[in-house]
Amino acid sequence: MGNPAENFKRGKRGKLYLQERLLQSNHSLVKNDMRKIGLSTQTGYVGKWLDISKYLPRRTLDRLAKKWMGFQAIAVAMLVPLIAFALLFRAQPILTAKSLRELLLGTNWHPLKQAFGFYPFIMGTLWVTLTSMVIAVPPSLMTAIYLAEYAPKRIRALAKPLIDLLAGIPSVVYGVWGVLTVVPFIRNHVAPTLERWSSFIPLFRSDNTTGYSVLAGGLVLAVMVFPIIIAVAEEVIHAVPQDLREASLALGATRWQTIKFVTLRKAFAGVMAAIALAFSRAFGETMAVMMVVGNVPQAPSSFLDSAYPLTALIANNYGEMMSIPLYDAALLGAALLLMLVVLIFNITSRLVLVRLMGHF
Amino acid sequence: MKATKVEEKIFLTIMICSTVFVLSCLILILATVIWRGLPALNLSMLLQTPKGGFYLGKEGGILNAIMGSLFLAGGATALAMAISLPIALFLHFYAKRSWHGGVVRLALDVLWGIPSIVYGAFAFILMLWLGLRASLLGGIIALTFLELPIMTRGMDEAINMVHPLLKESSYSLGATRLETALKIVVRQAIPGLLTSSLLAFGRGIGDAASVLFTAGFTDHLPTSLFKPAASLPLAIFFQLSTPFPAVQNRAYASALILTGIVLGLSIMSRRIAGRLTEHVIR
């Protein structure tokens, strides 16, 4: 069959033949042939010290590597149930001691008196997260549409890396920003204005004048999830086939009509998935929220009330949880609850995205 | 016809306004941190550990937190790299279309979304089982969990970017999948692999909730895997919760340092990715 390099050029038949033959041949032959067709045989950074093919048959090595890598992959995949079971196991004492109804709907939180009602904290988390979604979704979707459909190349090239860059800012820095600007802004401007003009709406009425409130947490979280929604939604909208847009434009629709009736309709599921991802991120955020919501254990009834989300509860009390009976079980149960909610949101949105785009 | 044009104009205005709003919010954060942090920043902050009464506004710096954070995130990144690369290679070379691959990918995506405080709690449980106290090692374990899915996903994408013909050529010459993976694909994907590692490092160094449980806090430099280690996010948080303005100013300076490290890494990783591409065949 002659020179392997020539066989390679000859196409598939030669290739298959070579694969079979060369699998049994020795390593240096392969090296030489690779050099001939211009592929570097320098083993690279990882290859150099992993090159133990002198001692083991190459196919055995390949099979061993497959086993080992597969083992690692499965082990990491098993982390999800493992985390859930570990938390469940540690939370089990409180699940057997109290009824689920008592835990989820009880409003009494006195660890020393063995009263563990999560209701205020669950409501705190929900209020803050939903507020952040209400604030974050409209502007970030509009931004995503603009960047995907209208923006000139220059602006896109400027805005996208900037947004990616800002997605990396640590949450504690968002918290510092919240304490420095958002909280004073709400205390000095938003709260008095709402007091004067709309205090007849219960949602805007509160006697909390500190500025540390659901609204502050919502605003900080909203800014935190901007990059997530924009990045995913922009990609989904961008991936809508160009033919559909052209068909619509050819029928005389304006660009906005095309977006409204064609593009967004096609991208709807993906956009929803983007929002769900942002929701799960906001839901589990700890540091930034904890610094600005006030941490008063009450179920909030207004945007200006203080709240005490589940994440803040865990983070604030981990220190003493081992010294009070059932306390550790309660806090780890809270972590389990957080994980389950996030899990449901995440799996749904990922499955939607996978069906839609084939990756993510 | 007129109405549709007007509608388009209105919505275009809204879109431009919201883009400007979003970008300015994000830039405002940077501006605030720089504006409040820069005046309080000085060399002794960077080069000293906290002296007595540091949290009352006396002498000292946050070197303990800077070093602690670097050790925590560095250790976690090293561990995560050792686990991520084989998984990424497995996904690409051995489980491209099999259901294993799908399950592992879904699991990684789910792990990506799990809140860091849950990782903290899980690592805490692990530490109880292993009999560890709050320590550098505990923090590294928690951060490794956090960084794993981020890094693996980045590496998977980097490996997918390598031109498939290169792989085919290598196969056709009789190289096994392992040889192709290590000697050709990894080498070609090195810029992407580095970028994803640095991104994961940035994510790890900025995370507070998982370290809170597991690494503890100390005023000393990290010396042992089994002793507590300080970290920058927690230093910021503790300094900010004191009632003294001088200490709070230090919190702003620390926030500036942390932001600088994270953004610097992020920009650097883009640079590296650009620099290393000279050997990459497209």
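The values are calculated or read from the model by the stated rules, or taken from the named source; none is laboratory data. Note that the structure is predicted; figures quoted are calculated from it, not measured. Counting neighbours? That spans all protein chains shown, and the Cβs are built from the backbone with ideal geometry, glycine included.
Total residues in region A:137-182 satisfying the condition of being farther than 22 Å from B:PRO243 by Cα and out of contact with any Phe, Trp or Tyr (no Cβ under 6 Å at 6 or more places or on another chain): the figure is 32. Looking across region A:72-116, the residues that are facing chain B (nearest Cβ under 8 Å) and small (Gly, Ala, Ser) come down to A:ALA73, A:ALA77, A:ALA86. Selection of helices (runs of 4 or more DSSP H) fully inside region A:10-116 by the criterion of at least 1 residues being at pLDDT below 80 returns A:12-24, A:27-36, A:44-50. When residues in region B:42-86 are screened for being among the small types (Gly, Ala, Ser) and part of a loop (DSSP other than H, G, I, E, B), 5 of them pass.
The listed residues are A:ALA299, A:ALA273, A:ALA288, and the only one of them that is surrounded by fewer than 20 Cβ atoms within 10 Å (Cβ to Cβ) and of a type in the set (Gly, Ala, Ser) turns out to be A:ALA299. Of the set (1) farther than 30 Å from A:LEU356 by Cβ; (2) surrounded by 24 or more Cβ atoms within 10 Å (Cβ to Cβ), all apply to A:GLU320 but (2).
When region B:202-234 is filtered for residues that are part of a helix (DSSP H, G or I), closer than 17 Å to B:GLY120 by Cβ and of a type outside the set (Val, Ile, Thr), the ones remaining, listed by number, are B:ARG203, B:GLY204, B:ALA209, B:SER210, B:LEU212, B:PHE213, B:LEU232, B:PRO233, B:LEU234.
Scanning region B:95-135 for residues that are of a type in the set (Lys, Arg) and in contact with a helix residue (DSSP H, G or I) (Cβ under 9 Å, 6 or more places away or on another chain), we see that the one that is surrounded by the fewest Cβ atoms within 10 Å (Cβ to Cβ) is B:ARG133. Scanning region B:143-182 for residues that are outside any helix (DSSP H, G or I) and under 31 Å from the mean Cα position of the chain (by Cα) yields B:VAL162, B:HIS163.
The set of residues from region A:337-352 being in contact with a Gly (Cβ under 8 Å, 6 or more places away or on another chain) and more than 8 Å from every other protein chain (Cβ to nearest Cβ) comprises just one member, A:VAL352. Taking region A:295-317 as the range and being within 16 Å of A:GLY284 (Cβ to Cβ) and of a type in the set (Ser, Thr, Tyr) as the test, the residues that pass are A:TYR308, A:THR311. Identify, please: which residue in region B:179-223 is among the β-branched types (Val, Ile, Thr) and more than 9 Å from every other protein chain (Cβ to nearest Cβ) and is, among those, farthest from B:ILE272 (Cα to Cα)? Among those that are among the β-branched types (Val, Ile, Thr) and more than 9 Å from every other protein chain (Cβ to nearest Cβ), it is B:THR218. Does region A:170-190 include one or more residues that are away from chain B (no Cβ under 12 Å), crowded, with 24+ Cβ neighbours inside 10 Å, within 19 Å of the chain's Cα centre (by Cα) and assigned to a helix (DSSP H, G or I)? Taking every residue of region A:170-190 in turn, none turns out to be away from chain B (no Cβ under 12 Å), crowded, with 24+ Cβ neighbours inside 10 Å, within 19 Å of the chain's Cα centre (by Cα) and assigned to a helix (DSSP H, G or I).
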